[in-house]
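Undergrad: Please see the structure below; I have some questions.
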Amino acid sequence: MKPVDETAIRSVMGTVDSVRTIEGDGFAVRRPFPTEQLAMYDPFLLLDEMGPTDYAPGEAVGAPDHPHRGFETVTYMLDGSFQHKDSAGNFGILTPGSVQWMTAGSGVVHSEVPSEAILQNGGRLHGFQLWVNLPAVEKMVPPRYQEFPADEVPVASNEAGVWVRVIAGEALGVYAVINTHTPVIYLHFILQPGASHLQRVPSEYNAFAYVIEGRGRFATDEEEEESGEGNLVAFDQDGGQVCMTNTGDRPLSFLLLGGLPINEQLARYGPFVMNTKEEVLQAIEDYDAGRIGVIDF
Ligand code: MN
């Protein structure tokens, strides 16, 4: 196979529309995957855009106590706040701009619910949850909890109208502070109208953009159609750079995600993502027996 030119710009493989669905106790999410059309995006297992939803007092809902095993959950808030508690004793209030990177590994029971403030007064909730798979050798690592408030998650900007929050990886010379088990890029970009940016994404990474709002083009090819709200733009692995341009008249806000594919067989059942059916059955048995843990505070 011919080596890929890392200076080349990736072409767009295709665009996928997200699906609206309901999670937890009934909160609305927009989900680009997993869907019938797109099962996963190795090493990513799920991406949910939570809201944006405007709640009246007493209406907001979340996902009370439930387990996870075999992967990592990453929560990134844009609006409103969530309260987190888990069986490893972690507690956090996630506010706009903050990031929680929870490695479930061998298993965690956690609760993800709107904060008291949102429950009592109502308000807007908007954020993302991403599931990052772990390779077989790391599926049973001890749980790890990383939480960074907005002012500790690095951001960068330039005079060309590009702003970025660096959750994982590097952009505009700024590096993430979060440690990841697998090589992953997680960037939130906002481009002003007319702004364009080239981002390094190694060709061996699977990569996509998910548009939050605005309109943009994710290739240099003028023939390539524009993408908008709720679109997942899948990149080919034919280069080591991604080109993005705001083609609209409002700011273009999107996530850029990339990661080294794990390429392993999966056995997936709700909150458990393992390699074999036996491992999933074991996870269910462990959870039912209380061995994954309980939240006792
Ligand atoms: Mn969860």
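The values are calculated or read from the model by the stated rules, or taken from the named source; none is laboratory data. From a predicted model like this one, the values you see are computed outputs, not experimental measurements. FYI the Cβ positions are ideal-geometry reconstructions off the backbone, even for glycines, and counts take in every protein chain you see. Each accessible area value is taken on the protein alone, full model and side chains, heavy atoms only, with ligands, DNA and RNA left out. Shrake-Rupley method; radii C 1.70, N 1.55, O 1.52, S 1.80 Å.
Undergrad: Among Thr7, Thr182, what's the order by accessible area (1.4 angstrom probe), most exposed first?
TA: Working: Thr7 95, Thr182 10 Å².
Largest to smallest exposure gives the sequence Thr7, Thr182.
Undergrad: Follow-up question, since we're still on this one. If DNA, RNA and ligands are ignored and the probe is 1.4 Å, what is the ranking of Tyr210, Tyr287 by accessible area, most exposed first?
TA: Details: Tyr210 0, Tyr287 80 Å².
The residues order as Tyr287, Tyr210, largest area first.
Undergrad: Which whole number in µm²/s is D for the range 36-77 by Stokes-Einstein, with the Kirkwood Rh taken over Cα pairs at 37 °C and 0.692 mPa s?
TA: Details: Rh = 13.4 Å.
Result for D is 244 µm²/s.
Undergrad: Could you pull the Cα extents of the range 12-288 along its three principal axes, largest to smallest, in whole Å?
TA: So the three principal-axis extents are 55, 45, 34 Å.
Undergrad: Here is a further query. What FRET efficiency do you get for Glu225 and Ala150 if R0 is 25 Å and r is their Cβ-Cβ distance, rounded to the nearest 0.05? Walk me through the numbers on the way to the answer.
TA: Details: r = 34 Å, r/R0 = 1.36.
Between Glu225 and Ala150 the formula returns 0.15.
Undergrad: Further, regarding this structure: Ignoring ligands and nucleic acids, what accessible area does Lys277 show with a 1.4 Å probe (Å², nearest 10)?
TA: Accessible area of Lys277: about 140 Å².
Undergrad: A further question follows. What do you get for the angle between helix 277-288 and the principal long axis of the chain? Use alpha-carbon atoms, 0 to 90 degrees, nearest ten.
TA: 50 degrees
Undergrad: Same structure, new question: Kindly state, as a whole number, the per residue volume in cubic angstrom of the convex hull around the alpha carbon atoms of the range 170-297.
TA: Numbers: hull volume 21.1 nm³, N = 128.
About 165 Å³ per residue, rounded to a whole number.
Undergrad: Here is a follow-up. Which value, in Å to one decimal place, does the Kirkwood hydrodynamic radius take for the range 91-182 when every pair of different Cα atoms is included? Kindly include the intermediate steps, with their values, before the conclusion.
TA: Numbers: mean 1/r = 0.0650 Å⁻¹.
Kirkwood hydrodynamic radius for the range 91-182: 15.4 Å.
Undergrad: For the range 96-248, compute Rh as the Kirkwood radius over C-alpha pairs and then the Stokes-Einstein diffusion coefficient at 20 °C and 1.002 mPa s; write the answer in µm²/s, rounded to an integer. Mind showing how you got there, number by number?
TA: Working: Rh = 17.5 Å.
It comes out at roughly 122 µm²/s.
Undergrad: Out of Ile93, Leu187, Gln237, whose Cα points farthest toward the positive end of the dipole of the chain (charges: +1 Lys, Arg; -1 Asp, Glu; placed on Cβ)?
TA: Projecting each Cα onto the dipole axis, the largest value belongs to Ile93.
Undergrad: Sort 21-28, 231-238 by packing, meaning the average of other beta carbons within 10 Å per residue, with the highest value first. Don't jump to the answer; show the numbers that get you there.
TA: On the way: 21-28: 13.8, 231-238: 20.1.
Taking the mean over residues of other Cβ atoms within 10 Å, the ranking is 231-238, 21-28.
Undergrad: Mean-square fluctuation check for the chain, GNM, Cα pairs under 10 Å: which of Pro32, Pro202, Pro57 is largest?
TA: The residue that fluctuates most here is Pro57.
Undergrad: Now a separate question. What is the gain in length, in nm to one decimal, between Thr182 and Ala8 on full extension, counting 0.36 nm per residue of separation less the C-alpha to C-alpha distance?
TA: Full-extension gain reported as 60.2 nm.
Undergrad: Compute log10 of I(q)/I(0) for the range 192-239 with the Debye formula, placing one identical point scatterer on every Cα and leaving out solvent, at q = 0.18, 0.19, 0.22 Å⁻¹, to two decimals.
TA: So the normalised log intensities work out to -0.61, -0.68, -0.90.
Undergrad: Further question on the same structure: Specify the residue with the greatest mean-square fluctuation among Ala207, Ala63, Ala117, computed from a Gaussian network of the chain linking alpha-carbon atoms under 10 Å apart.
TA: Looking only at Ala207, Ala63, Ala117, the biggest GNM fluctuation is shown by Ala117.
Undergrad: Just to verify a number: FRET efficiency for Glu23 and Gln192, C-beta to C-beta distance, R0 = 35 Å, to 0.05? List each step's numbers first, then the result.
TA: Values: r = 33 Å, r/R0 = 0.93.
The calculated FRET efficiency here is 0.60.
Undergrad: How far apart, in nm, are the 7 Å Cα→Cβ label points at Glu36 and Ser157?
TA: Placing both labels 7 Å beyond Cα along the Cβ direction yields 4.4 nm.
Undergrad: Modelled label-to-label distance, Asp236 and Lys277, 7 Å Cα→beta-carbon offset: nm?
TA: With each label placed 7 Å out from Cα toward Cβ, I get 3.9 nm.
Undergrad: On to the next question. For Lys139, go through the lysines and keep the ones whose alpha-carbon is under 22 Å away, minus same-chain ones fewer than eight residues off.
TA: Lys85, Lys277
Undergrad: Still on this structure, I have one more. With every protein chain left in place, what is the accessible area per residue of the chain in square angstrom, probe 1.4 Å? Mind dumping the intermediate values first?
TA: On the way: 12760 Å² over 297 residues.
Here the residues of the chain average 43 Å² of exposed surface.
Undergrad: What does the charge count around Gly228 come to, taking other residues whose C-beta lies under 14 Å from its C-beta (Lys +1, Arg +1, Asp -1, Glu -1)? Could the numbers behind the result be given before it?
TA: Working: positive: Arg30, Arg215, Arg217, Arg250; negative: Asp17, Glu49, Glu213, Glu224, Glu225, Glu226, Glu229, Asp249.
My count for the surroundings of Gly228 gives -4.
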